[in-house]
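S.K.: Input: one structure, supplied below.
Every number in this text was worked out from the coordinates using simple rules, so none of it is lab data. Keep in mind the model is a prediction, meaning the values are calculated, not measured. Here Cβ is always computed from backbone atoms with ideal geometry, including for glycine, and neighbour counts include all displayed protein chains.
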Amino acid sequence: MSTLLEVRGLRTWFGDNSEPYRAVDGIDFCIEKGQTFALLGESGCGKSMTALSLLRLNPYPASHIVSGEVSLAGEEILSLSEAEMEKIRGRRVAMIFQEPQSSLNPVLTVGQQIAEVFEWHFKLDKKAIYTRTLELLHAVGIPDPTERINAYPHQLSGGMKQRVMIAMALAGEPELLIADEPTTALDVTIQAQILDLLKEIQQKTGMAILLITHDLGVVAQMADHVAVMYAGQIVESASREQFFNNTQHPYTQKLFEALPSEQKRQEKLTVIKGSVPALNRQFKACRFAERCDLAWQHCEDAEPRWINNNDHGVRCHLYDPGIDAEHIQSQK
Ligand code: SF4
Ligand code: MG
């Protein structure tokens, strides 16, 4: 496999630099061509801001990219002009969101919205656009495309609207599709259908997917690789197999414990105590320390390093070979 997207040291902050809200705070990851890469975490961890920053769509001037590099197939894109960026958005990298409702234009028909992508990126004539739009609507499982092409968003169900969003994203034939909680607003059956559809399209087109989710079930179904985000940082990164067989970071372990199992369904759901720390104040050295059952003094004093073992990375002192965590913990 070869690398499609490489992110190094990305930082996106809100507010001024004197008391910033550090939404994304120094993250690194790589997405291979054709791969599904999941970014997992609770809300408020910086997942969506990461996605928006990759396309330089983070709200400006409220937030700004402080530092970092993002390269797409070897080309650094953070330093491109806005005009060059517009050629990448929707064409080489497309995005779908949780709420198709707010992303579709209510006064344009489905066909008109998809046509805009074809006109903008491929300069196709009207007839070609019509044919390609029908093909796409068919490909994403919209029944009666010749009728639905003239429908307005409010005439479609939530699942159908999400299919239209996917069709719009596919119109540009992107190398990378960013899907931010694409099924969270949908019921379980429709959710499974949409995830299957994304997989099927990926197999046909070879596009990579950056899947943003808080749902371990979605990760299990879709991901080749998983990165867990907590308070603006990546705290664990592994292949799907390693991730499910050998979960390492205490935060990730808590996410698993919080899963409702068959027996637990009747009982009270375990939730992770506390919440993601406010990202505009001083953190404990390990950002998870306040919620971690395994924390000791060192976790408040020294920031954990990124430890990488056979492509399984983790940011936690317990895995740092330079720290005798067992000894220190036994002294607690
Ligand atoms: Fe818990 Fe310490 Fe590891 Fe942070 S570094 S996750 S506080 S054990
Ligand atoms: Mg989000």
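S.K.: Beyond 23 Å between alpha-carbons counts as too far, so tell me which of 33/199; 127/199; 126/199; 254/284; 161/199; 161/254 fall in that bin. Mind dumping the intermediate values first?
M.R.: Working: 33/199 14 Å; 127/199 29 Å; 126/199 30 Å; 254/284 19 Å; 161/199 18 Å; 161/254 34 Å.
The pairs that break the limit, which is 23 Å between Cα atoms, are 127/199; 126/199; 161/254.
S.K.: Which stretch or stretches of the stretch 200-216 have amide N atoms under 15 Å from the point lying 7 Å from residue 188's Cα along the Cα→Cβ direction?
M.R.: Flagged as within label range: 216.
S.K.: Now a separate question. With n ≥ 4 as the cut-off for DSSP H runs, can you work out [θ] at 222 nm for the chain, using -39500 (n - 2.57) per run divided by the number of residues, rounded to the nearest 500?
M.R.: Value at 222 nm, helices only, nearest 500: -9500 deg cm²/dmol.
S.K.: Full extension from residue 305 to residue 214: what is 0.36 nm times the residue separation minus their Cα-Cα distance, to one decimal in nm?
M.R.: Here the answer is 30.3 nm.
S.K.: Considering only C-alpha atoms, what is the centroid distance from the stretch 191-246 to the stretch 141-163, in Å?
M.R.: So the separation of the two Cα centres works out to 27 Å.
S.K.: Which helices, taking whole DSSP H runs in the chain, have alpha carbons extending 15 angstrom or more along the helix axis plus mean Kyte-Doolittle at least -0.5? Intermediate results must be reported in sequence, preceding the final value.
M.R.: Working: long enough: 110-122 (18 Å, 0.14); 126-139 (20 Å, -0.16); 158-171 (20 Å, 0.78); 188-205 (26 Å, 0.04).
Span-like helices in the chain: 110-122, 126-139, 158-171, 188-205.
S.K.: Using r as the Cβ-Cβ distance of residue 275 and residue 135, and R0 as 41 Å, what FRET efficiency do you calculate, to the nearest 0.05?
M.R.: Details: r = 46 Å, r/R0 = 1.12.
My answer for the efficiency is 0.35.
S.K.: Next up: Would you order 239, 275 from fewest to most other beta-carbon atoms within 10 Å of each residue's own beta-carbon?
M.R.: Working: 239 15, 275 12.
The most exposed by this proxy come first: 275, 239.
S.K.: Another question, then. Cα to Cα, under 18 Å, and not fewer than 8 places away if on the same chain: which aspartates and glutamates meet these conditions relative to residue 47?
M.R.: Within the straight-line cut-off, residue 47 pairs with 6, 25, 28, 69, 99, 180, 181, 215, 224, 236.
S.K.: While we're here: Please compute the net charge surrounding residue 130, taking Lys and Arg as +1 and Asp and Glu as -1 over other residues with Cβ under 14 Å from its Cβ.
M.R.: -1
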